[in-house]
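For reference, the structure is listed below as structure tokens.
The values are calculated or read from the model by the stated rules, or taken from the named source; none is laboratory data. The structure displayed is predicted, hence computed values, not measured ones. Glycine also receives a Cβ, built like all others from the backbone with ideal geometry; neighbour counts cover every protein chain displayed.
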Amino acid sequence: MQSQSTHTPYSDVDAEEPEFSFRNLVQQWMNTIRHILIRHLRVVLVISILGALLGLGYAWIKSPTYTARLSFVVEESKSSGGSIASALAGQFGFDIGGMSGTSGILAGDNVLELLKSRSLIKKTLLTSYRDSSAVSLADRYADVYRWKEKWAGNAAIGKQVNFTANATKFSRLEDSLLQVITKRIVEKELSIAKPDKKLGFFELQVTTKNEEISKLFCERLLKIATDFYIDTKTKRLRNNVARLQKRADSLEAVLDKRTFSAAEANQLLLDANPAYAAPTVGAEISSRNKFIQSTVYAEIVKNLEVSKTSLIQETPTVQVVDSPDLPLQENKVKWYLAPLIGALVGFGGTVLLLFLGEGNSKIKS
């Protein structure tokens, strides 16, 4: 009698799979890397040496840059009505400063975008490099970066391009080249940050290849932005003060004439015949006109002084806290770090590529 087999069709499926172990996986990786280093040691060393040489060459060729840092604070004369609510919300981790009613150009985070305005940067570049000099900051910038030589040798340009300081009109070519300089500054060399969102301090950084350009551009950009801010914020009040001042000056001149007329009328009244009423009427009319004119003049002067006081109160203050001083911070690749980083990048990249190649070969096999 044949015995029945105890093997079932599901026995292979029910067999337990080996338990996954991260430690074993790491051990396999280490063994693979050790095998790669033993088998391809010469390739890894050659590429690491090439990476070190490339890093040393980069450190030798790379020109140093200089960073100018300027911190400032914007002081508004009138605090917003939501300051108490902002303080209470800040205790619970909420920031409602943007809902407190501040609408100034430099209020809140608007300063971060205002200082990156291409029109203000262009205006800064067109300032004189030296006092009362026709050479602009843009000319000096293009010289330092050797762009004028490239422009002169370019087939599409083929000439020396200069940006006259304080000029208002430029040709299409000059405008396009100014846009190239402005774009580089905005994207690579200009940084505006707010170190602490709860405070009103801002930090402006400019990094270029020339120490003096970094310092001058940083200071002048803030000066131009500050003037633009103050002029915009106080424009309505300044126009009102100018209008009232003009009105007060004209009324003062008219009042002076009325005063002389009243004095002449009073003089005629003293010498006039009492039988005639005309001199008395004339003196009374002159006195009345003088009184009305002086009353109107007094009201205009009062409104003028009130407007001047409001203008002083509305004029904000942009106070520089830390200004860039020479010598500026020099940013230069260390000659001893560049080869080390290059060698590590070459070593790591080579080992990674060989490791991936070993993995693909195992999968195919």
Looking only at residues in the range 37-51 that are part of a helix (DSSP H, G or I) and touching a residue at least 12 places away in the same chain (Cβ under 8 Å), which one is farthest from the chain's Cα centre (by Cα)? 37
Inspect all residues belonging to the range 146-168 and state whether any of them is closer than 18 Å to residue 214 by Cβ and not aromatic (Phe, Trp, Tyr). yes
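Let's see how each residue does on (1) assigned by TED's automatic domain parsing to the domain that holds residue 218; (2) touching a residue at least 24 places away in the same chain (Cβ under 8 Å); (3) of a type in the set (D, E, K, R); (4) within 18 Å of residue 223 (Cα to Cα):
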| position | (1), (2), (3), (4) |
| --- | --- |
| 129 | yes, yes, no, yes |
| 133 | yes, yes, no, no |
| 140 | yes, yes, yes, no |
| 185 | yes, yes, no, yes |
| 193 | yes, yes, no, yes |
| 196 | yes, no, yes, no |
Of the criteria (1) touching a helix residue (DSSP H, G or I) at 6+ places or on another chain (Cβ under 9 Å); (2) modelled with pLDDT of 80 or more, which one residue 259 fails: (2)
Would you mind telling me which numbered condition in (1) closer than 25 Å to residue 332 by Cα; (2) not in a helix (DSSP H, G or I) residue 157 fails? (1)
Only one of (1) in a helix (DSSP H, G or I); (2) within 19 Å of residue 222 (Cβ to Cβ) is not met by residue 148, so which one is it? (2)
If I go through the range 283-303 residue by residue, how many of them are among the small types (Gly, Ala, Ser) and without any contact (Cβ under 8 Å) to a residue 12 or more places away in the chain? 1
With the structure loaded, tell me whether residue 46 is at pLDDT 70 or above, within 30 Å of residue 205 (Cα to Cα), surrounded by 11 or more Cβ atoms within 10 Å (Cβ to Cβ) and not basic (Lys, Arg) or whether it fails that test. no
Would you check which residues across the range 310-325 are modelled with pLDDT under 85 and either within 30 Å of residue 212 (Cα to Cα) or of a type outside the set (Asp, Glu) (or both) and list them? 310, 311, 312, 313, 315, 316, 317, 318, 319
If we keep only residues of the range 172-229 that are small (Gly, Ala, Ser) and within 14 Å of residue 114 (Cα to Cα), then the residue surrounded by the most Cβ atoms within 10 Å (Cβ to Cβ) is 225
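Residues are listed down the side, and each one gets a yes or a no for (1) β-branched (Val, Ile, Thr); (2) in contact with a helix residue (DSSP H, G or I) (Cβ under 9 Å, 6 or more places away or on another chain):
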| residue | (1), (2) |
| --- | --- |
| 178 | no, yes |
| 183 | no, yes |
| 187 | no, no |
| 192 | yes, yes |
| 219 | no, no |
| 235 | no, no |
| 246 | no, no |
| 251 | no, yes |
Could you go through the range 168-175 and let me know if any residue there is touching a strand residue (DSSP E or B) at 6+ places or on another chain (Cβ under 6 Å), at pLDDT 90 or above and in a helix (DSSP H, G or I). no
Per the filter on the range 153-186, residues among the hydrophobic types (A, V, I, L, M, F, W, C) and farther than 28 Å from residue 131 by Cβ are 155, 156, 157, 173
Among the residues of the range 55-74, count how many are of a type in the set (Val, Ile, Thr) and free of Cβ contacts under 8 Å to residues at least 40 places away in the same chain. 1
Given the criteria more than 30 Å from residue 73 (Cβ to Cβ) and touching a strand residue (DSSP E or B) at 6+ places or on another chain (Cβ under 7 Å), does residue 156 qualify? no
